[in-house]
1. Can you give the angle from 0 to 90° between the axis of helix 46-59 and the longest principal axis of the chain, with both taken from C-alpha atoms, to the nearest 10?
2. Helix 75-84 versus the longest principal axis of the chain: what is the Cα-based angle in degrees, 0 to 90, to the nearest 10?
3. With an 8 Å Cα cut-off and a minimum separation of 6 or more residues, compute the relative contact order for the stretch 1-78 in percent.
4. Describe numerically, in nm with one decimal, the distance between label points set 7 Å from Cα along Cα→Cβ at THR167 and at ALA125.
5. With label points built 7 Å along Cα→Cβ from the Cα atoms of TYR187 and ARG114, find their separation and express it in nm.
6. Order of 110-117, 36-43, 55-62, 16-23 by packing, highest average Cβ count within 10 Å first?
7. Taking the Cα centre of the stretch 46-195 as origin, work out the dipole magnitude from +1 charges on Lys and Arg Cβ and -1 charges on Asp and Glu Cβ, in debye rounded to 20.
8. When only C-alpha pairs under 8 Å and at least 6 residues apart count, what is the relative contact order of the stretch 46-195, in percent?
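Derivation of every value follows stated rules applied to the coordinates shown; laboratory data play no part. Keep in mind the model is a prediction, meaning the values are calculated, not measured. Neighbour counts are summed over all protein chains in view; Cβ atoms, including those assigned to glycine, are modelled from backbone coordinates with ideal geometry.
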Amino acid sequence: MTMSYNWFKVGLWVLGLFEIWVFIYVLEHIFSRRVKNQYPPVSCRSGHIRALIREIRTHYPNAKVGVDIGAGVGRLARAVSRGTGMYIYGIENMPVSICVARILNFLTGATRVRMIYADAFEYLANYDGRFDIGIAYLGPGMNYMLGPIMSKFRVVITLDVEIPGLTPTRIIDAGGGYTRYHGVGKYPHRLFVYENAGC
Ligand SMILES: C[S@@+](CC[C@H](N)C(=O)[O-])C[C@H]1O[C@@H](n2cnc3c(N)ncnc32)[C@H](O)[C@@H]1O
């Protein structure tokens, strides 16, 4: 009797903590969208990930270090690191997402993914060096911010949305339909690849 009562109490605690986490996560989504005016930490689709890994393996097999610019909970960063063997830095400016990403990295043994809590554009503008590949899944209306940091990468690959004012080296159809961006419309699942665009 006492034993099952104790388990019941543990269950209630776990449920309570889970509810608090969901509440904070929802608040972060609202804060991200309404206050920061950026797309919330929503992970990209499996089709994007498959197409991205195929693209990197085919055209950039020697790439060693990449950055996920706006990494959310790190799904894309972990998948690309696993699929290509690259070391990936995931930069994210939302605290709960960074925290969840670090826990998931630990639980999945993603030792080649490192999360950085920072504004990605500020961090990269001040970074003195060049990465092999930058990946950005930021949503419509955000990619203009990539312009000033293009020189920090040999290759930049954006998901769904082009970088205004730049001509992509390749456009890849990632299949699987489109992403519906709330209030903005539907964008086909595509990758836009920019080689040496900041030089
Ligand atoms: C659509 S999500 C993509 C998440 C991740 N790349 C994936 O596909 O799994 C976009 C992410 O970019 C982050 N973000 C937007 N602007 C940012 C900035 N200036 N610095 C860091 N992260 C940013 C958002 O908080 C969000 O988590």
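1. It works out to around 40 degrees.
2. 60
3. Value for the stretch 1-78: 25 percent.
4. 2.9
5. 2.9
6. Per-residue mean Cβ counts within 10 Å order the peptides as 110-117, 36-43, 55-62, 16-23.
7. In debye, rounded to 20, the stretch 46-195 gives about 540.
8. 22
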